[in-house]
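Reviewing the structure listed below.
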Ligand code: GDP
């Protein structure tokens, strides 16, 4: 009788087991020799696997990174906010790496917001304290309520700056959403809301202004708060006895932020309040880099200083589904198929009395001098061989022209519609809307404006108008250094002026630098130009006294 032989499959199985055992031997030895270390390797491996599962690295069809290098949390459902991940896929890969410290701070912020946000027990307790009229003891959950003001570009700059302030000071950002902003932006933090609940705040309707009694400057003046206080003694200067909230006024006042807003001692005093209301139309994030207490955190979050809005804007500001529908339809229908996309943003404010011909000439000159648009010719078939340029398909350039007025589009479109180009390139010109005037109180108008900011941000190159926060936001989101049309004051313009300038970074400009005359001796008359002593600050190309971050 033949000894029972293993069936061939079982032999193969045993062979496979042996191979696996031999392959695993070094790992087993490691386990015996370095049990703890191996356990930590295993834990790391598990964590890494989770991270990989959570962050689908790239969209297979577009090859683009949907989570923007870890900026975006993967914990959202798609349909409630289509733009969040679809938007990432339309941007070109960012030229600015995201630091791991920034990613960590964002995830920590999100967890904190979930613990303290509307609907939580912590929020209810903090609100009860607010309504009591007294600040109370320092809580784990402290808030900054952002109030919108001015046009959309200003609002986006103020909102991103307030978010950065919240991250730096351990506060939770709550947004007051007036009717004209309803669902304009998606919720940016997973599993919670950033909206201030209706009737969530006392005296919001009454309004706040720079010298109202709740403003920080007024409180300093009337000695409601001072720089010296005694929390341990629990006396009359103790934080618990302060009013229930403070209002921080960071609006552009005479092109200067208010005194007592960006000194170290002021930030220590402001830190004593559990609730803060903040209103700003400015990119005051720049000024936060001047406060010594925040410098270390900011340095680690943003090793590249020239990409602060670029990253935070992409993280925080996602168009709601209505505005996103406009972006998608327009982008996919008119722009996506072009070989190149040029954005041209023409912002003409009525006070500037800009003559149309002069502005149009400046745009043309800027485009010509910098090779942004091809020259036209009277020759109807220039550059075309056998029906197509050089025998192959003609290159196409789509120009997205955004402006409240239609005439710039009409002239440019007419030029490239009626004439061939010397290079044989086909230039198509589009304008999504021309509402005529700014109508910030209209939701549909704001949706169109937001859609156009995003459409601009998907362009390869951009010509924008100096001083315009609308343009700043678009190029900063894109990560593209634009060509800035200057000047603003047309009464002083000369024909031989340079048509446009290239800024040093993609960052927006802070039009209203803070006063740095501080109690501790920072600043002082004649010394309060931070550009002289902060290496990553410059004056803006379009606003001489403005400040911007650069690398
Ligand atoms: P800024 O005044 O140029 O700094 O930009 P803002 O965005 O703060 O304010 C201008 C507002 O006017 C925008 O928010 C829009 O409401 C409107 N607006 C200006 N230019 C355009 C444009 O090109 N397209 C659209 N749709 N709206 C615009």
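The values are calculated or read from the model by the stated rules, or taken from the named source; none is laboratory data. Values in this document were obtained by computation on a predicted structure and should not be read as measured data. Neighbour counts are summed over all protein chains in view; Cβ atoms, including those assigned to glycine, are modelled from backbone coordinates with ideal geometry.
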**OP:** Identify all residues within the stretch 418-429 that are surrounded by 18 or more Cβ atoms within 10 Å (Cβ to Cβ) and either within 19 Å of residue 331 (Cβ to Cβ) or within 10 Å of the ligand (Cβ to nearest atom) (or both); write none if there are none.
**Re:** 426, 427, 429
Subject >> Cβ pairs under 9 Å, 6+ apart, first in the stretch 121-138 and more than 16 Å from residue 196 (Cβ to Cβ) and assigned by TED's automatic domain parsing to the domain that holds residue 198, second in a helix (DSSP H, G or I) and modelled with pLDDT of 95 or more >> reply: 135/129; 136/126; 136/129; 136/130; 137/129
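Just to be sure before I move on: is residue 347 surrounded by fewer than 20 Cβ atoms within 10 Å (Cβ to Cβ), within 15 Å of the ligand (Cβ to nearest atom) and at pLDDT 95 or above in the structure I sent?
Numbers: surrounded by fewer than 20 Cβ atoms within 10 Å (Cβ to Cβ): no; within 15 Å of the ligand (Cβ to nearest atom): yes; at pLDDT 95 or above: yes.
So residue 347 does not fit the description; no.
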**OP:** Give the number of residues within the stretch 431-444 that are in contact (Cβ under 8 Å) with a residue 40 or more places away in the chain and either surrounded by 17 or more Cβ atoms within 10 Å (Cβ to Cβ) or assigned to a helix (DSSP H, G or I) (or both).
**Re:** 4
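May I ask you to list the residues in the stretch 271-287 that are surrounded by fewer than 20 Cβ atoms within 10 Å (Cβ to Cβ) and either under 29 Å from residue 152 (Cβ atoms) or within 25 Å of the chain's Cα centre (by Cα) (or both)?
Pass one, the stretch 271-287, residues surrounded by fewer than 20 Cβ atoms within 10 Å (Cβ to Cβ): 271-272.
Listed by number, the list holds a single entry, 271.
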**OP:** Determine whether the stretch 237-250 contains at least one residue that is surrounded by fewer than 22 Cβ atoms within 10 Å (Cβ to Cβ), more than 16 Å from the ligand (Cβ to nearest atom) and either within 30 Å of residue 444 (Cβ to Cβ) or without any contact (Cβ under 8 Å) to a residue 40 or more places away in the chain (or both).
**Re:** yes
Original post:
In this structure, does residue 166 turn out to be within 23 Å of the chain's Cα centre (by Cα), surrounded by 15 or more Cβ atoms within 10 Å (Cβ to Cβ) and not in a loop (DSSP other than H, G, I, E, B)?
Top reply: yes
Subject >> Residue in the stretch 146-160 that is nearest to residue 277 (Cα to Cα), counting only those that are within 6 Å of the ligand (Cβ to nearest atom) and out of contact with any strand residue (DSSP E or B) (no Cβ under 9 Å at 6 or more places or on another chain) >> reply: 150
**OP:** Could you tell me whether residue 160 is assigned to a helix (DSSP H, G or I) and either in the same structural domain as residue 469 (by TED's automatic domain parsing) or surrounded by 17 or more Cβ atoms within 10 Å (Cβ to Cβ) (or both)?
**Re:** yes
Subject >> All helices (runs of 4 or more DSSP H) inside the stretch 236-331 with 1 or more residues being within 15 Å of residue 165 (Cβ to Cβ) >> reply: 264-270, 285-288, 292-301, 308-316
Subject >> Residue check for residue 118: more than 24 Å from residue 209 (Cα to Cα) and exposed (fewer than 14 other Cβ atoms within 10 Å of the Cβ) >> reply: no
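Against the condition closer than 19 Å to residue 357 by Cα, within 16 Å of the ligand (Cβ to nearest atom), in the same structural domain as residue 363 (by TED's automatic domain parsing) and not in a loop (DSSP other than H, G, I, E, B), how does residue 410 come out, does it pass?
Details: closer than 19 Å to residue 357 by Cα: yes; within 16 Å of the ligand (Cβ to nearest atom): yes; in the same structural domain as residue 363 (by TED's automatic domain parsing): yes; not in a loop (DSSP other than H, G, I, E, B): yes.
Yes; evaluated as a whole, the condition is true for this residue.
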Subject >> Long-range neighbours under 8 Å by Cβ, at least six apart or interchain, first residue more than 20 Å from residue 545 (Cβ to Cβ) within the stretch 458-472, second within 9 Å of the ligand (Cβ to nearest atom) and part of a loop (DSSP other than H, G, I, E, B) >> reply: 470/151; 470/347
Original post:
How many of the residues in the stretch 463-495 are more than 8 Å from the ligand (Cβ to nearest atom) and either under 24 Å from residue 320 (Cα atoms) or out of contact with any strand residue (DSSP E or B) (no Cβ under 7 Å at 6 or more places or on another chain) (or both)?
Top reply: 17
**OP:** Restrict the check to the stretch 165-177 and report whether at least one residue is within 21 Å of residue 87 (Cβ to Cβ) and touching a helix residue (DSSP H, G or I) at 6+ places or on another chain (Cβ under 6 Å).
**Re:** yes
Original post:
If you check every pair at least six apart or on different chains, which have Cβ atoms under 6 Å apart with a residue in the stretch 394-412 that is without any contact (Cβ under 8 Å) to a residue 60 or more places away in the chain and over 12 Å from residue 456 (Cβ atoms) first and a residue that is part of a helix (DSSP H, G or I) and within 13 Å of the ligand (Cβ to nearest atom) second?
Top reply: none
Subject >> Matching entry among 185, 189, 163 (being more than 20 Å from residue 270 (Cα to Cα) and more than 16 Å from the ligand (Cβ to nearest atom)) >> reply: 189
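Using the structure shown, decide if residue 542 is surrounded by 15 or more Cβ atoms within 10 Å (Cβ to Cβ), in contact with a strand residue (DSSP E or B) (Cβ under 7 Å, 6 or more places away or on another chain), at pLDDT 90 or above and not assigned by TED's automatic domain parsing to the domain that holds residue 325. Steps first, please.
Numbers: surrounded by 15 or more Cβ atoms within 10 Å (Cβ to Cβ): yes; in contact with a strand residue (DSSP E or B) (Cβ under 7 Å, 6 or more places away or on another chain): yes; at pLDDT 90 or above: yes; not assigned by TED's automatic domain parsing to the domain that holds residue 325: yes.
Against the criterion (surrounded by 15 or more Cβ atoms within 10 Å (Cβ to Cβ), in contact with a strand residue (DSSP E or B) (Cβ under 7 Å, 6 or more places away or on another chain), at pLDDT 90 or above and not assigned by TED's automatic domain parsing to the domain that holds residue 325), residue 542 qualifies.
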Original post:
Within the stretch 392-407, which residues are closer than 18 Å to residue 367 by Cα and either away from the ligand (no atom under 13 Å from the Cβ) or over 28 Å from the mean Cα position of the chain (by Cα) (or both)?
Top reply: 395, 396, 397, 398, 399, 407
